[in-house]
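Shown next, in structure tokens, is the structure this report addresses.
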Amino acid sequence: MDTTKPPAPNAAQADTTPVDLAKTEATQDTAVEARAETADLDAAADADQGADDFTEDLADEEQQPSHVGSAAFAIVSAGLSVVALSGSWVAGIVSERASVAARLELSQAAGADAQIAAQFVDPWHTTAMVNGVFSALALIIATFVLALPAFSTPERILPTWVRSVSWAGIGLGALGVLLFVLMYFDLLLAIPKAAS
């Protein structure tokens, strides 16, 4: 007969009963669920913060004035100035019309000076007039764009490029008006005279 005692179970094996394992698994599941809930709450808080930031950005954009109109007028003034200096289709058409009208008024016995005036001086003055009108419009529009912030809220400041284009429109418009005066009053080039 064997008198040896079976070995006693160690303490770790003695404590791991099915009930204890179920409690441990439940505790682990609860911890995982708690971590998941915390992550969900953090994600929701981040989403709320992002929505608040987006709302604040929209509010800031709505409060800042739009410079679309000022920019458009500045570009128009610069364009009109360039057209006035380089000549336009309108000036060419009006000049041709003035030339034809002056020729129709001439008689067959008209002198050389009258023919020069009909064929050269009248179209020259008409072209100068049309270009002068374009230059004056460009000058007025550019001045309006630069003066607009003075009549609105003090916080309204035009972007640098809009001011630069407006100043370019003023400079080119002033040059166009000067050329108009010189051309219209025949100060730039003398009217040709027929030989006596």
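The values are calculated or read from the model by the stated rules, or taken from the named source; none is laboratory data. What you see is a predicted model; the values in this text were computed from it and never measured. As a convention, Cβ positions derive from the backbone with ideal geometry for all residues, glycine included, and neighbour counts pool all protein chains shown. In case anyone asks, the SASA skips ligands and DNA or RNA and just uses the protein heavy atoms, side chains included. Shrake-Rupley method; radii C 1.70, N 1.55, O 1.52, S 1.80 Å.
Tabulated data for the structure shown
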quantity	calculated
Selected residue (only one of ILE157, ILE191 is in contact with a helix residue (DSSP H, G or I) (Cβ under 8 Å, 6 or more places away or on another chain), open to solvent by 50 Å² or more (accessible area, probe 1.4 Å), farther than 30 Å from ALA74 by Cα and hydrophobic (A, V, I, L, M, F, W, C))	ILE191
Residue match in region 150-158 (condition: hydrophobic (A, V, I, L, M, F, W, C), out of contact with any Pro (no Cβ under 8 Å at 6 or more places or on another chain) and without any contact (Cβ under 8 Å) to a residue 24 or more places away in the chain)	yes
Residues of region 154-188 that turn out to be under 19 Å from ASP122 (Cα atoms) and not in a helix (DSSP H, G or I), as a count	4
Residue within region 123-132 that is in a helix (DSSP H, G or I), farther than 22 Å from VAL181 by Cβ, open to solvent by 40 Å² or more (accessible area, probe 1.4 Å) and not hydroxyl-bearing (Ser, Thr, Tyr) present	no
Tally, over region 86-122, of residues that are open to solvent by 50 Å² or more (accessible area, probe 1.4 Å), touching a residue at least 40 places away in the same chain (Cβ under 8 Å) and farther than 22 Å from ALA190 by Cβ	1
Residue within region 140-153 that is open to solvent by 40 Å² or more (accessible area, probe 1.4 Å), in a helix (DSSP H, G or I), of a type outside the set (A, V, I, L, M, F, W, C) and modelled with pLDDT of 90 or more present	yes
